[in-house]
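Colleague: After the structure tokens below, expect a handful of questions from me.
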């Protein structure tokens, strides 16, 4: 059991089949994973509460991250390459636990908000990667 | 277009099926994944790889051009390549951008598990980074 720091977490993106670290990230995380359900409520329900049942499928969710965007940095240009040439991409997060566990997943489709220019902040970009298949959670 | 890998820690993406285990450029290493040791494919140091995007690897600082097409596509001078390689060392160690200069000057080598600085070879150039902050009582 440990309270791991976020400081030092590393995100890697595949470039030419090679996992390559993404620089200047300020936050990142997995979101939206959900085991699918359907409304199984029937008219002859015994009480007022609706019921749900598992579909057997799981929504893998997305991986979102924010970074100080450097338009001249090759690693950041590689991110926008996914907009100009859409393609599936392998990603990897290296956790900061003592065993430096890695979590691998495949992204398909990306939302890229940025670069944004704010008087009170540096130039930033927010990205969201749609995960396809297993998000690679430790089991 | 071809480039040569210059780091030993460059792992292949899990979908990189074009490089089977019999490929001499690939070496298997044990990493921790899902909390368990598993074998994963890494590029052998000096592996020459061919891909339309290898010039990006050169720009990122993890490879050097192995042909004229790659050299032209990456558009970097030797000095720029050297800087990209130095910067990647910081990026892949998870160094925060505000700490890059400390890392480049070898004052720090990374972070401890608690997030504090890990001493580099030149840590004595800035020993104050490891000094305990004075408590309010000391100031009174």
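Readers should treat all values here as calculations from the given coordinates under stated rules, not as data from a laboratory. A quick note: this is a predicted structure, and the numbers were derived from the prediction, not measured. Here the Cβ is made from the backbone with ideal geometry for all residues, glycine too, and neighbour counts use every protein chain on show.
Colleague: Partner chain Cβ atoms within 10 Å, averaged over the residues of B:42-54 - can you pull that number for me?
Modeller: Mean partner-chain Cβ count within 10 Å for B:42-54: 2.
Colleague: Can you give me the Cα centroid spacing of region A:75-95 and region A:105-125 in angstrom?
Modeller: Taking the Cα centre of each part, region A:75-95 and region A:105-125 sit 13 Å apart.
Colleague: What do you get for the angle between helix B:78-92 and the principal long axis of chain B? Use alpha-carbon atoms, 0 to 90 degrees, nearest ten.
Modeller: Approximately 60 degrees, to the nearest 10.
Colleague: If one computes the Cα centroid of region B:85-137 and of region B:1-66, what distance in Å separates the two points?
Modeller: 29
Colleague: Next question. Counting other beta carbons within 10 Å of each Cβ, put B:56, B:71 in order, fewest first.
Modeller: Taking fewest neighbouring Cβ atoms as first place, the list is B:71, B:56.
Colleague: How large is the helix-only mean residue ellipticity at 222 nm for chain A, computed as the sum of -39500 (n - 2.57) over DSSP H runs with n ≥ 4, divided by its residue count, in deg cm²/dmol to the nearest 500?
Modeller: Per the formula, -2500 deg cm²/dmol.
Colleague: Right, here's the next one. Using a 10 Å cut-off on Cβ to Cβ distances, tally the other chain neighbours for every residue of B:106-119 and report the average as a whole number.
Modeller: Across the residues of B:106-119, the mean count of other-chain Cβ atoms within 10 Å is 2.
Colleague: If you take the square roots of the eigenvalues of the alpha-carbon gyration tensor of the protein assembly as shown and sort them as a ≥ b ≥ c, do you get rounded (a/c under 1.5), prolate (a/b over b/c) or oblate?
Modeller: oblate
Colleague: Checking the a/c ratio against 1.5 first, then a/b against b/c, what shape does the Cα gyration tensor give for region B:27-110? Before the final figure, lay out the partial values.
Modeller: Values: a/c = 2.70, a/b = 1.09, b/c = 2.48.
Oblate.
Colleague: Based on DSSP H runs of at least 4 residues, each adding -39500 (n - 2.57), what is the mean residue ellipticity at 222 nm of chain B after dividing by all its residues, to the nearest 500 deg cm²/dmol?
Modeller: -7000 deg cm²/dmol
Colleague: Here's another thing I want to ask about it. Let a ≥ b ≥ c be the square roots of the eigenvalues of the Cα gyration tensor of chain B; is it rounded (a/c under 1.5), or, if not, prolate (a/b larger than b/c) or oblate?
Modeller: It is oblate, given that a/c is not under 1.5 and a/b is not larger than b/c.
Colleague: Can you pull the mean other chain C-beta count within 10 Å for peptide A:72-81? Walk me through the numbers before you get to the answer.
Modeller: Working: counts 1, 5, 12, 9, 0, 3, 5, 0, 0, 2.
Mean partner-chain Cβ count within 10 Å for A:72-81: 4.
Colleague: Kindly rank A:80-89, A:64-73 from highest to lowest mean number of other beta carbons found within 10 Å of each residue.
Modeller: My ranking of the peptides, most packed first, is A:64-73, A:80-89.
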